[in-house]
Amino acid sequence: MRVLGVETATGQGGVAVVGPEGLLAEVTLSVTAGYAERLLPALERLLAVADIRPETLDGYAISIGPGSFTGLRIGLAWAKGVCFAAPMKLVLVSAHEATAHRHRHAGPLLVTLFPGERGEAQVALWSGGERVSLRFGPERVSEDALADVLRGAFSGALPAAAGAATYAIHVAAPDLKPSVREALLQSGCRLLDGEGAAPLAAAVAALGDRELLAGNAADLTAAAPFYGRAPNARRPGT
């Protein structure tokens with residue numbers, strides 16, 4: 001199928017389109033330039049590079065977070081508007097799963113990590129391979145206890161005959177705070193997302209393709225972002 005994926009949950013966003021041949025084209029977005037201003041031009045450029053027309057697409061896939069409040073609202077509002085108008089099918093993809101899918105061949109086990117509430121992170125543990133499988137989470141974990149929690153979850157998921165010291169803890173974290181990044185490096189974790197990492201859009205599109213082939217699509221009316229944390233700006237008393 002031909003599926004267009006949109007990723008605006010993280011600081012390195014993007015749009016991509018996949019087809020039976022695999023990835024057809026991908027365009028990167030930078031959150032610093034503003035997704036609202038750059039999303040439509042990027043999509044037009046993507047379709048031109050892939051040499052396809054919107055009406056030939058079989059559906060759309062959108063990352064629903066966790067991630068940026070503004071980015072998620074912009075991406076989902078655009079996708080719902082297009083799919084209502086076309087009409088077209090839409091798949092909602094977890095940013096955790098898209099991140100795990102992108103790094104699915106990194107090792108037998110993989111941790112995905114996203115910012116949570118102040119002083120916390122959201123953690124999920126996945127089995128690697130061609131099709132990732134969720135083993136644990138997503139769970140809220142204190143940043144101070146993060147390294148210990150990862151080590152415990154990772155060791156508990158290994159086969160009984162395997163020694164934990166044999167395997168590095170692979171952590172995929174697109175928007176990791178510098179202080180948390182440094183703490184994980186010092187604890188021996190292997191970080192998979194560094195400066196200039198590719199956006200998740202291709203993974204979002206690939207997972208969307210899989211879901212559409214399985215006959216799964218979102219209810220456009222009920223589709224909503226998963227922010228993963230409360231907004232920084234709140235009403236007094238909340």
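The values are calculated or read from the model by the stated rules, or taken from the named source; none is laboratory data. Worth saying up front: this structure is predicted, and the values here are computed from it rather than measured. Every residue, glycine among them, receives a Cβ derived from its backbone with ideal geometry; neighbour counts consider all protein chains shown. Side chains included, ligands, DNA and RNA excluded: accessible areas come from the protein's heavy atoms. Shrake-Rupley method; radii C 1.70, N 1.55, O 1.52, S 1.80 Å.
Among the residues of this structure, F84 counts as one that is open to solvent by 40 Å² or more (accessible area, probe 1.4 Å), over 24 Å from L24 (Cα atoms) and over 13 Å from the mean Cα position of the chain (by Cα). The single condition among (1) at pLDDT below 95; (2) part of a loop (DSSP other than H, G, I, E, B); (3) farther than 26 Å from A173 by Cβ that L40 does not meet is (2). A217 passes every criterion in (1) over 21 Å from G116 (Cα atoms); (2) modelled with pLDDT under 90; (3) open to solvent by 40 Å² or more (accessible area, probe 1.4 Å); (4) in contact with a helix residue (DSSP H, G or I) (Cβ under 8 Å, 6 or more places away or on another chain) apart from (2). For segment 49-65, the condition holds for no residue, the condition being that it is of a type outside the set (S, T, Y), in a strand (DSSP E or B) and either within 17 Å of A173 (Cα to Cα) or open to solvent by 10 Å² or more (accessible area, probe 1.4 Å) (or both). For segment 92-122, residues that are assigned to a strand (DSSP E or B), within 16 Å of F154 (Cα to Cα) and under 13 Å from the mean Cα position of the chain (by Cα) total 4.
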